[in-house]
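Undergrad: I have a structure I would like to understand better, so I am pasting it below and will then ask my questions one at a time.
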Amino acid sequence: MKGPLSSLKVLDFSTLLPGPFASLLLADMGAEVLRVESPTRMDLVRVLPPHVDGVSASHAYLNRNKRSIALDLKRPESLEVVHKLVAQYDIVLEQFRPGVMEKLGLGYEALKAINPRLIYVSITGYGQTGPYKDRAGHDLNYLALAGVASYTGRRDSGPLPLGVQLADIAGGSLHGVIGLLAAVIARQSTGLGQHVDISMTDCAFSLHGMAGAGYLAAGVEPGMENQVLNGGSFYDYYRTRDGRWLSVGSLEPQFMQQFCAVIGRPELAARGLSPKPEEQAALKREIEIEIEKHDLTEWQQRFAAVDACIEPVLSLAEAVQHPQLKARGVVTDVPREGRPAQAQIACPIRFSDGVEPPRHVGSAVGAHSVEVLGELGFSEAQIAELKASKALG
């Protein structure tokens with residue numbers, strides 16, 4: 001059970017969230033991932049709280065199943081090591097601003113000359129081209145420029161700062177993995193690798209989905225609370241008597257009929273189909289009044305046996321204990337050397353042939369430097385020389 005990607009060997013030069021989340025998925029599915037880290041410039045996720053036994057929980061999760069080699073890429077001795085690695089590894093994942101890897105002598109063209117089968121994935125905020133290619137940014141900025149934030153929020157309070165990093169993960173990480181695997185399939189036919197250019201802003205823009213199609217084809221501009229799915233209809237969250245929240249997604253008539261029957265207002269069901277904003281607003285007010293009459297637990301009991309697309313808004317602690325998520329095994333125990341296993345989010349992709357269980361949490365910087373160099377054929381004396389030159393951490 002090595003996993004479907006056990007034939008892939010990935011050199012991961014990325015830090016923070018987008019690249020490491022992408023390589024986490026690859027590692028969980030069996031790929032051999034080697035992080036190439038700076039011995040002097042720490043990945044900031046390593047110091048991100050909270051910490052468990054002195055180690056960032058986020059780092060331990062994002063970098064599980066990966067090995068680490070510490071190289072100062074500004075030293076020529078380190079470049080020689082990377083060149084030897086590229087001859088054996090068939091994928092490079094990097095997250096520097098455009099041009100940085102070229103300045104280090106590690107750009108796509110330079111490494112392709114060593115290994116023509118190399119697939120080189122670059123994840124950046126704005127891509128390798130365009131006037132913003134060298135501009136700094138974060139998840140919030142990418143969603144803002146892509147137009148996503150313009151209709152994700154409430155009219156009276158503005159755009160929502162999402163609790164999950166949508167552009168980083170759905171944009172950078174997931175699209176990065178999709179592009180990488182597509183290039184792997186293409187290589188099976190051509191025998192050659194290629195450069196995959198992932199812009200988190202581009203990918204965030206692609207997430208517009210139906211609202212984007214409506215604007216580009218029909219000129220309908222989405223705004224806050226003016227779409228069926230963004231608060232412009234009864235499809236929304238409703239506060240319960242005890243200050244909790246209930247999600248109501250009863251869009252289809254058969255679901256709406258059941259929902260309205262349970263809240264004791266069957267006459268409201270027909271109004272759910274109205275396309276008029278003022279009628280939807282009035283319907284929402286009626287639903288708000290009914291939902292606020294009872295606590296969340298009572299609503300859960302009432303809807304437990306009703307298939308009407310109604311679910312409670314759970315805290316993360318509650319979600320972990322939910323019977324559906326527990327049955328799916330969304331949490332896994334990951335071994336830690338010399339300590340009890342650590343609970344982490346499991347790989348969400350299931351394969352009938354299975355995958356190897358997690359091997360270890362994220363490693364210390366350079367934890368596998370000597371091991372990796374030994375595999376490349378470096379002698380103990382050569383490794384000592386690299387350490388003495390400070391090329392190797």
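Values in this text are rule-based calculations from the coordinates and carry no lab data. What you see is a predicted model, and the numbers here were worked out from it, not measured in a lab. Cβ: placed from backbone, ideal geometry, glycine included. Neighbour counts: every protein chain shown.
Undergrad: Would you mind listing how long the range 247-393 runs along its three principal axes, going by Cα atoms, in whole Å with the largest first?
TA: The Cα atoms of the range 247-393 stretch 83, 32, 31 Å along the principal axes, largest first.
Undergrad: Still on this structure: Treat every Asp and Glu Cβ in the range 245-312 as -1 and every Lys and Arg Cβ as +1, leave all other atoms uncharged, and give the resulting dipole magnitude about the Cα centre to the nearest 20 debye.
TA: Working: 7 positive and 12 negative charges, 26 e Å.
For this selection, approximately 120 debye.
Undergrad: Points 7 angstrom from Cα along the Cβ direction at ALA317 and LEU162: gap in nanometres?
TA: 2.6
Undergrad: Expressed as cubic angstrom per residue, what is the convex hull volume of the alpha carbon set of the range 88-207?
TA: Cα convex hull per residue, to the nearest whole number: 107 Å³.
Undergrad: Which of the lysines could a cross-linker span from LYS326 if the Cα-Cα distance has to be under 29 Å and same-chain partners fewer than 8 positions apart are dropped?
TA: LYS2, LYS66
Undergrad: For ARG239 and LEU140 in the same chain, what is the full-extension length gain: residue separation times 0.36 nm, less their Cα-Cα distance, in nm?
TA: 33.0 nm
Undergrad: Cα to Cα, under 13 Å, and not fewer than 8 places away if on the same chain: which aspartates and glutamates meet these conditions relative to LYS84?
TA: GLU375
Undergrad: Follow-up. Pop out the ³J(HN,Hα) list for the range 183-199 in order, Karplus 6.51 cos²θ - 1.76 cosθ + 1.60 with θ = phi - 60°, rounded to Hz; leave Gly and Pro as x.
TA: Rounded to whole hertz, the list is 5, 5, 5, 4, 5, 4, 8, 9, x, 10, x, 6, 8, 9, 9, 10, 9.
Undergrad: Within the range 211-253, list the trypsin sites (Lys or Arg not before Pro) lying in a DSSP loop whose Cβ has at most 15 other Cβ atoms in a 10 Å radius. Display every interim value, and only then the final one.
TA: On the way: sites: ARG239, ARG241, ARG244; in loops: ARG241, ARG244.
In loop regions of the range 211-253 (DSSP not H, G, I, E or B), the sparsely surrounded trypsin sites (Lys or Arg not before Pro) are ARG241.
Undergrad: Using a 7 Å offset from the Cα along the Cα-to-Cβ direction at both LEU48 and GLN254, what is the distance between the two label points in nm, to one decimal?
TA: 4.3
Undergrad: Here is a follow-up. Relative to the first principal axis of the alpha-carbon coordinates of the chain, what is the inclination of helix 277-291, with its axis defined by its Cα atoms, in degrees from 0 to 90 and to the nearest 10?
TA: Taking the Cα atoms of the chain, the angle to 277-291 is about 90 degrees.
Undergrad: Given the rule -39500 (n - 2.57) for each run of at least 4 DSSP H residues, summed and divided by the residues of the chain, what is its mean residue ellipticity at 222 nm, to the nearest 500 deg cm²/dmol?
TA: Helix contribution divided over all residues of the chain: -10000 deg cm²/dmol.
Undergrad: Which entry in [x] -1.56; [y] -1.22; [z] -1.36 is this structure's computed log10 I(q)/I(0) by the Debye sum over Cα atoms at q = 0.15 Å⁻¹?
TA: [z]
Undergrad: How long are the semi-axes of the equivalent ellipsoid of the range 245-312, taking √(5λ) for every eigenvalue λ of the Cα gyration tensor, in whole Å from largest down?
TA: 19, 13, 10
Undergrad: Taking the chain as the reference, fit the longest principal axis to its C-alpha atoms, fit the long axis of helix 18-28 to the helix C-alpha atoms, and give the angle between the two in degrees, 0 to 90, nearest 10.
TA: The angle comes out near 80 degrees.
Undergrad: Can you work out the PRE-style zone for LEU216? Point 7 Å along Cα to Cβ, and I want the residues of the range 131-162 with backbone N under 16 Å.
TA: 146-148
Undergrad: Along the Cα→Cβ direction, 7 angstrom out, place labels at ALA170 and ALA364. What is the inter-label distance in nm?
TA: Result: 4.0 nm between the two label points.
Undergrad: For LYS103, give me every one of the aspartates and glutamates with a C-alpha distance below 16 angstrom, ignoring sequence neighbours fewer than eight places off in its own chain.
TA: ASP72, GLU77, GLU80, GLU94, ASP134
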